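Scroll down for the structure; my scribbles are underneath it.
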Amino acid sequence: MKNPIYITTSIAYANSKPHIGFAMELVEADAFNRYFSMMGYETYFLTGTDEHGIKQQKTAEELGIHPKELSDKNAQLFMELKDKLNLSYDNFIRTSDKEKHWPSVVQIWNKIKENGDIYKDKYEALYCNGCESFITEKELVDGKCPIHKKEPDKVSEENYFFRLSKYGKIIKKLIESKEIEIVPEFRAKEILNLIDKGLHDISFSRSKKTLYWGIPVPDDDTQVMYVWCDALTNYISGLGYAKNDEQYKKFWPNVIHVIGKDIVRFHTAIWPAMLLSAGVPVPKKIFVHGFITSEGHKMSKSLGNIIDPNDIIKIYGVDALRYYLLSEIPVGQDGDFSKKLFQERYISDLVNNLGNLLNRVLLMTKKYFGGSIPSIKTDVLEEYNKTWVSYIENMNNLYLNKASLVVFSFIDFLNKFIGDTKPWELSKKGDTESLSRVLKILLESLRHITRMIYPFIPETSLNMRKQLGLEEGIDLKYIGWEEVLNWEKIGEIKILFPRI
RNA sequence: CGCGGGGUGGAGCAGAGGCAGCUCAUCGGGCUCAUAACCCGAAGGUCGGCGGUUCGAAUCCGUCCCCCGCAACCA
């Protein structure tokens, strides 16, 4: 076993239902998990929901239900994604879980406090009487609440603060030396720039009067923790930090945090600062993805262009969606989701290229040899070696879309290979030896393709293996080119991707 | 002069000093193992504008224009 690798997504805010952006994050993390586990690393994959906070409390009040009820309902929708998106996570953590999550949060809070980094101060904020809640400056239109057209009041309450300012310099060093590695690199530049401007201390709690739906501050029942300590700590509570669990010791801090570009600052500044203060090692790697636009526009409720991953899956199946999200959206950058482009990629890459290749190879094997190929030595394709080398390099660098491109170039190559070797002519000539060699090369190549696509489209990978007559799981045994492997019997031949 | 990303054939992207490339779409041809699939070929770009460095610039420098994020309590 190689080094353990721990993979996390951000925890989704359980305030509304999942949309395609979060689906991308889940699927990216899932691809990393499947890849590293296939390559022999011991992995642990965590996701979950963030359920506390004023917004959650407010949404529940509007619906006339308790925040707990709303959280349960929405968390359910996120948990359903495990089957819908075919996710391989090991644990799903909910911040409302008093047994699994809260003890770790309280422990981190106490350690930070013991270290003298929590203090009381006045917190000033804008409050709209109409909304009966806090409002951020960003939400204001012309300095007024956009709903009530009223200028908000400035109110202040006494809260606990975290001495974030103390950790700017050391975090800067950790990022520069790549002890905290941020991928892609331009995101690191962004955050270093912000740190240079100086980090302010942040408010770490709210009065229980404004926020009752959260984790109580230890030894002060008038205060409830604000999002930072509560939500970010999920990454270690999910491993069993407070229990000093074996899992925690094994996997922390060898982590890849998969997050969106909107929350880079929280993960590269606030989170490491909290850990430094609490005497816990900082995370190794932070992978930042971009946003998905819908038909070229930002997704928003008012435009009505929010894409529900369920709608895509219903029509095309989960792997078509996974393929698009992982192959078509450049890693780390924004990408667009358009129905037309999606349809085009589905047809050209999955139906015509991969699906048709499998189908023609299997049908020839059946037609010319009755489904089994006699033992015969084949040379390794140069293309095969090149493909694996490039695939592994890209995957290790987390460049999913480039790795996928490499695999599909190989598929392309194999389609050309059939055109060049013309098995139908070999059959007519009665050249059984050449014919069996050609088909063996194709079958063996397809076996390797099932491995390479497994992190991206696992269901298809296993489906292909069944049709090829291979073992169900992803085999770790025959990693190299099998020169004389018998092809005993192929399975039942089915269309891999239907034409839609 | 806040910070960052981007502007390359119809669409989506790659290339970061030396004949402008890939995928899709289009057009022409070929093949018949295959899901009207596959293979071969062609057309299509003054690489956002202007100026400079250089024997040579999409690539380096300057300047301007346009799009998209971030700009601290937004999950």
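Once both labels are positioned 7 Å from their Cα atoms along Cα-to-Cβ, the gap between A:K466 and A:E393 label points is 3.7 nm. Quickly work out the A:K17-to-A:D220 label distance, labels modelled 7 Å from Cα along the C-beta direction, and quote it in nm with one decimal. Spacing of the two 7 Å Cα→Cβ label points: 4.1 nm.
When a 1.4 Å probe is rolled over the protein heavy atoms, the share of accessible surface on chain A that falls to carbon and sulfur comes to 50 percent. Any idea what angle helix A:20-38 forms with the longest principal axis of chain A, computed on alpha-carbon atoms, 0 to 90 degrees, nearest 10? That works out to roughly 60 degrees.
Per the Debye calculation on the range A:184-337 with a single equal scatterer at every Cα and no solvent contribution, log₁₀ I(q)/I(0) for q = 0.11, 0.20 Å⁻¹ amounts to -0.64, -1.24. Calculate the length of the line joining the C-alpha centroid of the range A:320-352 to that of the range A:173-210, in whole Å. Spelled out, the Cα-based centre of one part sits 32 Å from the other. Distance between the pseudo-spin-label points of A:K243 and A:I479 (7 Å out from Cα toward the beta carbon): 3.3 nm. Cα convex hull, the range A:15-128: 164 Å³ per residue, rounded to a whole number.
Surface analysis of chain A yields an accessible area of 46 Å² per residue, using protein heavy atoms and a 1.4 Å probe.
Karplus-derived 3J(HN,Hα) values for the range A:71-85, using 6.51 cos²θ - 1.76 cosθ + 1.60 with θ = phi - 60°, are 4, 4, 5, 6, 4, 4, 4, 6, 5, 5, 5, 4, 6, 5, 9 Hz; glycine and proline are entered as x. Note that the range A:336-344 has calculated 3J(HN,Hα) couplings of 10, 10, 10, 4, 5, 5, 4, 4, 4 Hz, one per residue in order, obtained from phi through the Karplus relation 6.51 cos²θ - 1.76 cosθ + 1.60 (θ = phi - 60°); glycine and proline are x.
You can think of it this way: the chain between A:D412 and A:N110 has 102.9 nm of extra reach, that is 0.36 nm per residue less the Cα-Cα gap. Of all DSSP beta bridges confined to chain A, the antiparallel ones make up roughly 45%. Computed over the range A:278-356, the quotient of the alpha carbon radius of gyration and 2.2 N^0.38 Å is 1.39.
Only Cα pairs under 8 Å and 6+ residues apart enter the sum, and on that basis the relative contact order of the range A:235-337 stands at 25 percent.
Using only the C-alpha atoms of chain A, find the volume of their convex hull and express it per residue in Å³.
157 Å³
Contact order for chain A, expressed relative to its length and based on alpha carbon pairs under 8 Å spaced 6+ residues apart, stands at 15 percent. Under 5 Å from the amide H of A:Y13 lie the amide H atoms of A:D50, each residue being 5 or more positions distant or on a separate chain, with H modelled from the backbone and absent for Pro and chain starts. Close amide H contacts of A:D336 (hydrogens built in the peptide plane, cut-off under 5 Å, sequence separation of 5 or more or a different chain): A:T293. Charged neighbours of A:G335, selected by a Cβ distance under 13 Å, balance to -3 (K, R count +1; D, E count -1). What lysines does A:K173 reach when the alpha-carbon gap must be under 28 Å and sequence neighbours fewer than 8 apart in one chain are set aside? Excluding near neighbours in sequence, the set is A:K111, A:K113, A:K189, A:K197, A:K249, A:K250, A:K261, A:K284, A:K285. For the range A:305-415, the orientation-averaged shadow of the C-alpha convex hull comes to 9.1 nm² (one quarter of the hull surface).
The values are calculated or read from the model by the stated rules, or taken from the named source; none is laboratory data. These figures come from a predicted structure and were not determined experimentally. Cβ sites come from the backbone with ideal geometry, for glycine too, and all protein chains shown count toward neighbours. Heavy atoms of the whole protein, side chains included, go into the accessibility calculation; ligands, DNA and RNA do not. Shrake-Rupley method; radii C 1.70, N 1.55, O 1.52, S 1.80 Å.
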